[in-house]
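First the structure, in the form of structure tokens, and then the observations on it.
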Amino acid sequence: MLDPTIPRDALVAAALRLAAERPWADVTLVDIAEAAGRTLPDLKKEFGSKGEIIAAFTGVVDDEVLARAPKRTPAQPVRDTLFEVIMCRFDVLAPYRSGLRSIVQSGLPDPAQVRPALESQRWMLEAAGVNTAGLEGGFKVAGLATLYGSVFRVWLADDDPGQARTMAALDRRLRRGERTLTRIEEVCSGLTRFVSAAMPRGFRASPRASDDATAGAAPGNTPSTPGI
């Protein structure tokens, strides 16, 4: 997954190796550069902080998960697909578990890690066939981030090859989250109807504007109503 012949990958791999050997808080950028066989100026060209290195690792993991994740079948519940996607992620992360433990134990994450972490949740939802667009999608991403964070900590401490504790925690949280997701969808649907009804007439598309927007569209391919 990480190619040591690529400078960026070599630095990420070195950082994770060092994190597995000693507390992440004690690892410096100089240490990482030297462990990768690079200079500090070489590292500076790629990363500005240890947080950016971990963020890059998160992106690499995302790519691997999307490549490996099973495709959802039409009859398969979203919960089951998401279970498989998240367990796939844990499989990808398994070789780096010791380093990740050290990083988590170091305290609060670097700000550079926050956005990539949320992007990971979005991509896992999309891989499970869940639409993450709009306000409703934002709530789903935030909800999965909370769920994943709690199960991730269980996984870090789960040394059982069968990962029984991890799977049990994930299944439990997903069942609870499924009910929350239904409520979120209901709230967002109601909010959308309320905003549409309260919108001043002048802000609504006129019939002529609607006709212009759909002019030339092929039969059966007429664009949906703007804003939906």
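The values are calculated or read from the model by the stated rules, or taken from the named source; none is laboratory data. Quick caveat: nothing in here was measured; it's all calculated off a predicted structure. Here Cβ is always computed from backbone atoms with ideal geometry, including for glycine, and neighbour counts include all displayed protein chains.
Quick notes
- Filter pass, residue 50 being under 20 Å from residue 149 (Cβ atoms), of a type in the set (Lys, Arg) and either surrounded by 17 or more Cβ atoms within 10 Å (Cβ to Cβ) or without any contact (Cβ under 8 Å) to a residue 60 or more places away in the chain (or both): yes
- Residue 75 modelled with pLDDT of 95 or more and either among the aliphatic types (A, V, I, L, M) or part of a loop (DSSP other than H, G, I, E, B) (or both): no
- Every pair of residues 6+ apart whose Cβ atoms lie under 6 Å, when the first sits in the stretch 59-74 and is closer than 11 Å to residue 128 by Cβ and without any contact (Cβ under 8 Å) to a residue 60 or more places away in the chain while the second is surrounded by fewer than 17 Cβ atoms within 10 Å (Cβ to Cβ) and of a type outside the set (Asp, Glu): 72/129
- Residue check, residue 119 surrounded by fewer than 19 Cβ atoms within 10 Å (Cβ to Cβ) and within 19 Å of residue 3 (Cα to Cα): no
- Search result, residues across the stretch 113-148 that are acidic (Asp, Glu) and under 9 Å from the mean Cα position of the chain (by Cα): 119
- Test: residue in the stretch 147-160 that is surrounded by 15 or more Cβ atoms within 10 Å (Cβ to Cβ), assigned to a helix (DSSP H, G or I) and basic (Lys, Arg): no
- Residue in the stretch 93-111 that is within 11 Å of the chain's Cα centre (by Cα) and either exposed (fewer than 15 other Cβ atoms within 10 Å of the Cβ) or in a helix (DSSP H, G or I) (or both) present: no
- Residues in the stretch 26-49 that are in a helix (DSSP H, G or I) and either modelled with pLDDT under 95 or in contact with a Leu (Cβ under 7 Å, 6 or more places away or on another chain) (or both): 29, 30, 31, 32, 33, 35, 40, 43, 46.
- Answer residue from the stretch 157-196, given it is of a type in the set (A, V, I, L, M) and at pLDDT 60 or above and is farthest from residue 94 (Cα to Cα) among those: 181
- Selection status of residue 129, outside any helix (DSSP H, G or I) and either surrounded by 13 or more Cβ atoms within 10 Å (Cβ to Cβ) or in contact (Cβ under 8 Å) with a residue 40 or more places away in the chain (or both): yes
- Qualifying residue in the stretch 33-42 (condition: crowded, with 21+ Cβ neighbours inside 10 Å, closer than 20 Å to residue 109 by Cβ and not acidic (Asp, Glu)): no
- Close pairs (8 angstrom Cβ cut-off, 6 or more residues apart or separate chains): touching a residue at least 24 places away in the same chain (Cβ under 8 Å) in the stretch 26-37, surrounded by fewer than 17 Cβ atoms within 10 Å (Cβ to Cβ) anywhere: 36/7
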